[in-house]
Amino acid sequence: MAVFVDREKCIGCESCVAVCPVGALSMVDGKAMVDGEQCISCGACINECPVEAISREAVVREVKNNEGSDLWVMAELENGEPLGVTYELLGVTAELAKKAGEKCCAVLIAAEAADIPQKLIAAGADKVYVITDSRYAEYNTDLYTDAFCQLAEAYKPNAVLFGATADGRDFAPRVAARLHTGLCADCTALDIETENKIVEWTRPALGGNILATILCDEHRPQMGTVRPKVFKAAAADASRTGEVINFTVKDVKESPVELLHKEAVETSGSIKIEDAEVICSGGRGMGCLDNFKMLEELASLFENGAIAGSRAVVDEGWIGHGQQVGQSGKTVTPKIYFACGISGAIQHISGMNASDIIIAINKDANAPIFKIAQYGIVGDVKEILPKLIAKIKAYKEA
Ligand code: FAD
């Protein structure tokens, strides 16, 4: 979006020129004029103009590969089943597609399709592009990139979403580079401008202190990655119907990489924090590793409980990085999130603020975590946690 001055309305007061942080505005013939190369679209001039002569306008420029239409989701599989993030992306993409009058499409690259296209349709896809070959049994950067790019060049999507998983983070940048387009990583919110169908990708920036909305208005497809658990998957609707399009890749190359052996990584604790319904999370205020035993005991009282923590405790070595919640850790959306001795830094909150219920224990009544917690207990975790554990045990035994 660029900033646009309506010269009819402009009264030449120069107030916009004074507030522009990058010197993009100047006076020409007594009226304000924007230098599009300099303008960063911050909107300072829009707020300052006393006669509302300045507005944001979508740039209708010659866009490379501008034939793009429809919003695509790259389906990611694990053990032959779509990952949760695929369903989450289909849910949000279906909403954006409806808003913009586009189709929500899924791309499936696999050894065989089986019933997966139908599952993707039930989750919100209007069309599923299917590419099958035994060589696609496992994710492979080179082969998948070739396949996806041939498909994208044939059908020209407007935008493509990938899960910000290990594979998605490897795959999406390779595709973006091959298609000469941009990529907005780790988005936390998405919207679409309906006239030019420009996706508004929002993500934390500057160390998580601001949320930046990024547009890719000059290249197609627009591309972004979204972390698991940022969006909730829509409920599957088995009665939905959609189109399945089989695509044949020309000249499937042999991969220079051969997968010799695959082994699941052991995670500490049997439940992954991203799958847990109750998370007992500790911060620096837990004091020491030994005190995490209280969190383990609390988590064990719930059927699907797991322990997690802030980056501060990962840095201390009290828990592993796989259990870190936040901007540089994982995004979680449990039913209950216990935040124990966690201050509530923005980088932590961004990873857990979509939890259904947040219960915070902190000895500082002014700790920022209390601003987002539904229930707050001011006190020492070493005193509160044993009492809480005893209460829950008594409730369960009653
Ligand atoms: P502190 O901020 O030290 O807070 C400890 C809290 O415990 C305080 O509120 C204190 O009142 C309370 N307390 C102390 N003793 C007790 C007690 N006995 N009983 C009860 N309460 C007590 N952080 C993350 O968590 N996740 C991330 O992914 C992440 N990514 C980051 C990325 C970047 C680029 C940057 C710059 C920072 C990131 N951080 C992240 C770090 C973040 O800014 C904070 O430093 C961190 O979250 C603080 O952790 P904490 O709340 O455990 O510790």
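The values are calculated or read from the model by the stated rules, or taken from the named source; none is laboratory data. What you see is a predicted model; the values in this text were computed from it and never measured. No Cβ is skipped: glycine too gets one built from the backbone with ideal geometry, and neighbour counts run over all protein chains shown.
Below, the figures for the structure above:
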{"quantity": "Those helices (runs of 4 or more DSSP H) lying entirely in the range 311-386 with at least 1 residues under 20 Å from the mean Cα position of the chain (by Cα) and near the ligand (Cβ under 9 Å from one of its atoms)", "calculated": "311-316, 346-349"}
{"quantity": "Some residue of the range 206-221 being among the hydroxyl-bearing types (S, T, Y), surrounded by 16 or more Cβ atoms within 10 Å (Cβ to Cβ), within 16 Å of the ligand (Cβ to nearest atom) and not in a loop (DSSP other than H, G, I, E, B)", "calculated": "no"}
{"quantity": "Contacts under 6 angstrom Cβ, first residue in the range 127-141 being touching a residue at least 24 places away in the same chain (Cβ under 8 Å) and of a type in the set (V, I, T), partner assigned to a loop (DSSP other than H, G, I, E, B) and surrounded by fewer than 19 Cβ atoms within 10 Å (Cβ to Cβ), 6 or more apart", "calculated": "V130/A113; I131/F247; T132/E112; T132/A113"}
{"quantity": "Qualifying residue in the range 297-305 (condition: within 11 Å of the ligand (Cβ to nearest atom), surrounded by fewer than 17 Cβ atoms within 10 Å (Cβ to Cβ) and at pLDDT 95 or above)", "calculated": "no"}
{"quantity": "Some residue of the range 276-283 being modelled with pLDDT of 90 or more, surrounded by fewer than 18 Cβ atoms within 10 Å (Cβ to Cβ) and under 30 Å from K293 (Cα atoms)", "calculated": "yes"}
{"quantity": "Sole residue being in contact (Cβ under 8 Å) with a residue 40 or more places away in the chain, over 21 Å from V85 (Cα atoms) and surrounded by fewer than 22 Cβ atoms within 10 Å (Cβ to Cβ), chosen from I346, I319, I336, I372", "calculated": "I346"}
{"quantity": "Test result for E274, part of a loop (DSSP other than H, G, I, E, B), within 14 Å of the ligand (Cβ to nearest atom) and under 29 Å from the mean Cα position of the chain (by Cα)", "calculated": "yes"}
{"quantity": "Residue list for the range 148-186, restricted to those being among the aliphatic types (A, V, I, L, M) and in a helix (DSSP H, G or I)", "calculated": "L151, A152, A154, A166, A172, V175, A176, A177"}
{"quantity": "Breaking point among (1) assigned to a strand (DSSP E or B); (2) out of contact with any Leu (no Cβ under 8 Å at 6 or more places or on another chain); (3) within 30 Å of Q327 (Cβ to Cβ); (4) more than 16 Å from the ligand (Cβ to nearest atom), for I245", "calculated": "(3)"}
{"quantity": "Tally of residues being surrounded by fewer than 20 Cβ atoms within 10 Å (Cβ to Cβ) and small (G, A, S) across the range 123-138", "calculated": "2"}
